[in-house]
Every structure is written in structure tokens, then in C-alpha cells.
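FYI, it's all coordinate maths here, none of it is from the lab. Because the structure is a prediction, the values reported are computed rather than measured. With ideal geometry, Cβ positions are generated from the backbone for all residues, glycine too; neighbour counts draw on all protein chains shown.
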Amino acid sequence: MTDMRSKTSVLYTAAGDGEQTLSGYCFARHRAGDAHIVALGVRPDRIRLGVGSALLSAALQNAKTTHRCGSASLLVSVNGGPAIALYERAGFTKGARKPSYFANGEDALEMTKGL
Ligand SMILES: CC(C)(COP(=O)(O)OP(=O)(O)OC[C@H]1O[C@@H](n2cnc3c(N)ncnc32)[C@H](O)[C@@H]1OP(=O)(O)O)[C@@H](O)C(=O)NCCC(=O)NCCS
């Protein structure tokens, strides 16, 4: 995994097939002790291989140890079944629903986790 840091975000890329190709990414913004997962995505031909959970785990570990975050949060589409399943498996719990949060009109579900 490659870790490119900026002041407010972390980008992880996972190499596949021995090459430095992008398999997925996870951006986190660290603010006031909370790591907000801004984006998580995995290449369609690499899904269900553990890439997403590995990226999320690395981002949360980095938030905890480097940025001293005590919690993590995110907003996910209520229709994002695979993502919600991944986050629940990672220990996130469902919170408030935010109506029409996304540009396409979909509701968002807030999810949080202690680190
Ligand atoms: C959601 C996403 C990041 C998951 O990445 P992934 O690399 O396929 O996930 P993993 O292989 O690490 O899966 C970890 C666990 O999450 C759950 N999960 C993942 N995809 C799932 C699916 N399609 N259906 C049900 N559960 C799923 C499972 O519990 C899985 O463990 P298992 O394979 O041992 O059963 C990926 O599907 C993706 O990029 N989707 C489009 C973008 C997106 O929705 N991003 C999230 C926005 S907040």
C-alpha cells in the first residue's frame, strides 16, 4: 500500500498483480479528534477480495496512531448495501438518516465508530 499524506487527507493505493496499479482508495479527513471517511472505492475487477476492508482498516489505524483520533464517522447512501455491510463488519453502527443528502436525491445514513 502506498500512503500519500496531505494536511487533511490520506490516500491509500493497493498494488495488484505485482504492479503499482490502483486497486482502491480511501480518503479520510481528520478534524477535532474525528476521522471522517470521505470516500472509499475499489476497482470493479477487484471487488470482494478484501481490498476495501484493508484500505479502511489502514485509514482508521493511521487516524488513531498518527492523528490521535478517538472516533470515526461517515455518510453512506441508504442504497449502498455492500458499503453498509463492509462498514458494519468493521464495527461502525448506524445513526441518523439524512434525507436527500446526495446530489442524486438519495438519503444518507450516518455511521460512527469509536477508535
Ligand atoms: C463497497 C466497496 C468499497 C467494498 O469493497 P470490497 O473490496 O469489495 O470489500 P471487501 O472485499 O473488503 O469486503 C469486506 C466485507 O464487506 C461486505 N461486503 C462487501 N461487498 C459486499 C456485497 N456486494 N454484498 C454483501 N456484503 C458485502 C462483506 O461482509 C465482506 O466480507 P466477505 O467478502 O468476507 O463476506 C466496493 O464494493 C465499492 O467500491 N463500491 C462502490 C463504491 C462505494 O459504494 N463506496 C462506498 C461509498 S461510502
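Below are the figures for this structure:
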{"read-out": "Residues satisfying the stated conditions in segment 45-72, i.e. closer than 15 Å to G91 by Cα and either surrounded by 18 or more Cβ atoms within 10 Å (Cβ to Cβ) or without any contact (Cβ under 8 Å) to a residue 40 or more places away in the chain (or both)", "value": "G52, S53, L55, L56, S57, A59, L60, Q61, A72"}
{"read-out": "Cβ-Cβ under 8 Å pairs, at least 6 apart or on other chains, segment 76-91 side assigned to a loop (DSSP other than H, G, I, E, B), far side within 6 Å of the ligand (Cβ to nearest atom) and of a type in the set (G, A, S)", "value": "A90/S53"}
{"read-out": "Pick from segment 19-60, criterion charged (D, E, K, R) and more than 12 Å from the ligand (Cβ to nearest atom), ranking: farthest from G114 (Cα to Cα)", "value": "E19"}
{"read-out": "Every pair of residues 6+ apart whose Cβ atoms lie under 7 Å, when the first sits in segment 30-44 and is of a type in the set (K, R) while the second is part of a strand (DSSP E or B)", "value": "R43/G24"}
{"read-out": "Selection count where residues are of a type in the set (G, A, S) and either in contact with a helix residue (DSSP H, G or I) (Cβ under 7 Å, 6 or more places away or on another chain) or not in a helix (DSSP H, G or I) (or both), scope segment 39-70", "value": "6"}
